[in-house]
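*Asks:* Before anything else, here's the structure in question.
The values are calculated or read from the model by the stated rules, or taken from the named source; none is laboratory data. Because the structure is predicted, anything quoted here is derived from the model rather than measured. All Cβ positions, even for glycine, are placed from backbone atoms using ideal geometry, and neighbour counts span all protein chains on display.
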Amino acid sequence: GGASFHRHLGFGQTHALAVRNTLLFQWKNFSCWKHRLWGAWGTGLRVLKDLICWPWQAPQRRGEFLHAWLQARRRYHEQGRPRTAAHLRREREFFRRFAPGELARRKGAEAQPPAPPPVPLPASFSFPERKAA
(Lines give C-alpha, C1' and ligand atoms only; values in the text may rest on other atoms or scores of the structure.)
Protein backbone atom coordinates (compact mmCIF):
# COMPACT_ATOMS: atom_id res chain seq x y z
CA GLY A 1 0.00 0.00 0.00
CA GLY A 2 2.89 2.38 0.68
CA ALA A 3 3.82 2.72 -2.97
CA SER A 4 0.21 3.40 -3.93
CA PHE A 5 -0.98 5.62 -1.12
CA HIS A 6 2.15 7.38 0.18
CA ARG A 7 1.94 10.23 -2.34
CA HIS A 8 -1.70 10.97 -1.43
CA LEU A 9 -1.81 10.16 2.29
CA GLY A 10 1.74 10.74 3.55
CA PHE A 11 3.82 8.38 5.68
CA GLY A 12 1.76 8.55 8.88
CA GLN A 13 -1.59 7.70 7.32
CA THR A 14 -0.04 5.08 5.02
CA HIS A 15 1.59 3.39 8.02
CA ALA A 16 -1.67 3.52 10.00
CA LEU A 17 -3.52 1.98 7.04
CA ALA A 18 -0.94 -0.83 6.81
CA VAL A 19 -1.20 -1.55 10.57
CA ARG A 20 -5.01 -1.46 10.45
CA ASN A 21 -5.13 -3.84 7.50
CA THR A 22 -2.61 -6.20 9.13
CA LEU A 23 -4.73 -6.35 12.28
CA LEU A 24 -7.88 -6.95 10.25
CA PHE A 25 -6.16 -9.75 8.35
CA GLN A 26 -5.06 -11.41 11.59
CA TRP A 27 -8.45 -11.08 13.27
CA LYS A 28 -10.33 -12.39 10.23
CA ASN A 29 -7.99 -15.25 9.35
CA PHE A 30 -6.52 -16.57 12.58
CA SER A 31 -8.85 -19.03 14.32
CA CYS A 32 -6.42 -21.29 16.17
CA TRP A 33 -6.14 -20.24 19.82
CA LYS A 34 -2.31 -20.31 19.65
CA HIS A 35 -2.20 -17.87 16.74
CA ARG A 36 -4.78 -15.61 18.34
CA LEU A 37 -2.86 -15.65 21.64
CA TRP A 38 0.37 -14.78 19.82
CA GLY A 39 -1.41 -11.90 18.06
CA ALA A 40 -2.84 -10.63 21.35
CA TRP A 41 0.64 -10.75 22.90
CA GLY A 42 2.07 -8.68 20.03
CA THR A 43 -0.81 -6.21 20.24
CA GLY A 44 -0.21 -5.76 23.95
CA LEU A 45 3.47 -5.05 23.36
CA ARG A 46 2.69 -2.49 20.66
CA VAL A 47 0.16 -0.73 22.91
CA LEU A 48 2.70 -0.69 25.74
CA LYS A 49 5.33 0.79 23.39
CA ASP A 50 2.88 3.51 22.32
CA LEU A 51 2.13 4.41 25.92
CA ILE A 52 5.77 4.44 26.99
CA CYS A 53 6.91 6.56 24.02
CA TRP A 54 3.91 8.92 24.14
CA PRO A 55 5.61 11.84 26.00
CA TRP A 56 8.64 11.91 23.67
CA GLN A 57 6.85 11.65 20.33
CA ALA A 58 5.71 14.49 18.12
CA PRO A 59 1.98 15.18 18.63
CA GLN A 60 1.03 13.86 15.17
CA ARG A 61 2.85 10.54 15.86
CA ARG A 62 1.49 9.87 19.35
CA GLY A 63 -0.50 6.70 19.71
CA GLU A 64 -0.16 5.63 16.06
CA PHE A 65 -0.73 1.98 16.86
CA LEU A 66 -3.61 2.74 19.25
CA HIS A 67 -5.39 4.80 16.60
CA ALA A 68 -4.88 2.10 13.95
CA TRP A 69 -6.09 -0.55 16.44
CA LEU A 70 -9.26 1.45 17.16
CA GLN A 71 -9.92 1.88 13.43
CA ALA A 72 -9.42 -1.85 12.89
CA ARG A 73 -11.80 -2.72 15.77
CA ARG A 74 -14.47 -0.45 14.36
CA ARG A 75 -14.10 -1.91 10.86
CA TYR A 76 -13.93 -5.48 12.18
CA HIS A 77 -17.25 -5.13 13.98
CA GLU A 78 -18.79 -3.73 10.78
CA GLN A 79 -17.57 -6.66 8.65
CA GLY A 80 -17.76 -9.67 10.93
CA ARG A 81 -15.57 -12.78 10.61
CA PRO A 82 -16.02 -16.30 9.21
CA ARG A 83 -15.65 -19.10 11.77
CA THR A 84 -15.90 -22.53 10.24
CA ALA A 85 -14.14 -25.83 10.91
CA ALA A 86 -12.79 -25.82 7.34
CA HIS A 87 -11.32 -22.35 7.90
CA LEU A 88 -9.54 -23.57 11.04
CA ARG A 89 -8.16 -26.63 9.20
CA ARG A 90 -6.79 -24.44 6.38
CA GLU A 91 -5.17 -22.09 8.90
CA ARG A 92 -3.48 -24.91 10.79
CA GLU A 93 -2.28 -26.50 7.55
CA PHE A 94 -0.84 -23.16 6.40
CA PHE A 95 1.13 -22.67 9.63
CA ARG A 96 2.25 -26.30 9.63
CA ARG A 97 3.42 -26.07 6.03
CA PHE A 98 5.36 -22.82 6.45
CA ALA A 99 6.76 -23.37 9.95
CA PRO A 100 10.54 -22.79 10.01
CA GLY A 101 11.21 -26.39 11.07
CA GLU A 102 9.12 -27.79 8.23
CA LEU A 103 10.75 -25.51 5.68
CA ALA A 104 14.19 -26.58 6.94
CA ARG A 105 13.21 -30.26 6.79
CA ARG A 106 12.02 -29.93 3.20
CA LYS A 107 15.06 -27.98 2.17
CA GLY A 108 17.55 -30.17 4.00
CA ALA A 109 20.35 -28.64 6.03
CA GLU A 110 19.99 -25.31 4.25
CA ALA A 111 17.45 -23.65 6.57
CA GLN A 112 18.53 -20.04 6.07
CA PRO A 113 16.97 -18.04 3.25
CA PRO A 114 19.41 -17.03 0.52
CA ALA A 115 21.30 -13.79 1.02
CA PRO A 116 19.93 -10.86 -0.95
CA PRO A 117 21.91 -9.93 -4.05
CA PRO A 118 24.57 -7.26 -3.53
CA VAL A 119 23.52 -3.69 -4.17
CA PRO A 120 25.49 -2.25 -7.08
CA LEU A 121 27.36 0.91 -6.12
CA PRO A 122 28.24 3.69 -8.53
CA ALA A 123 31.77 3.47 -9.93
CA SER A 124 32.63 6.79 -8.24
CA PHE A 125 31.72 5.48 -4.78
CA SER A 126 34.47 4.45 -2.35
CA PHE A 127 34.38 3.60 1.31
CA PRO A 128 36.15 6.08 3.58
CA GLU A 129 39.55 5.02 4.89
CA ARG A 130 39.50 3.68 8.45
CA LYS A 131 42.10 5.00 10.82
CA ALA A 132 44.12 2.38 12.63
CA ALA A 133 43.39 2.26 16.34
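*Asks:* Of the residues that make up region 32-53, is at least one in a loop (DSSP other than H, G, I, E, B) and either in contact (Cβ under 8 Å) with a residue 12 or more places away in the chain or among the aromatic types (F, W, Y) (or both)?
*Replies:* Yes, region 32-53 contains a residue that is in a loop (DSSP other than H, G, I, E, B) and either in contact (Cβ under 8 Å) with a residue 12 or more places away in the chain or among the aromatic types (F, W, Y) (or both).
*Asks:* While we're on this one: Only one of W56, W33 is surrounded by fewer than 12 Cβ atoms within 10 Å (Cβ to Cβ) and modelled with pLDDT under 85. Can you tell me which?
*Replies:* W33
*Asks:* Next question, about the same structure. Determine whether R75 is out of contact with any Pro (no Cβ under 6 Å at 6 or more places or on another chain), at pLDDT 80 or above and assigned to a helix (DSSP H, G or I). Break it down stepwise before answering.
*Replies:* Working: out of contact with any Pro (no Cβ under 6 Å at 6 or more places or on another chain): yes; at pLDDT 80 or above: yes; assigned to a helix (DSSP H, G or I): yes.
When the stated conditions are applied, R75 passes them.
*Asks:* For residues that are modelled with pLDDT under 75 and part of a helix (DSSP H, G or I), tally how many sit in region 105-129.
*Replies:* We begin by selecting, within region 105-129, every residue modelled with pLDDT under 75; these are 106-129.
Still in the list and also part of a helix (DSSP H, G or I): 106-107.
Summing the residues that are modelled with pLDDT under 75 and part of a helix (DSSP H, G or I) in region 105-129 gives 2.
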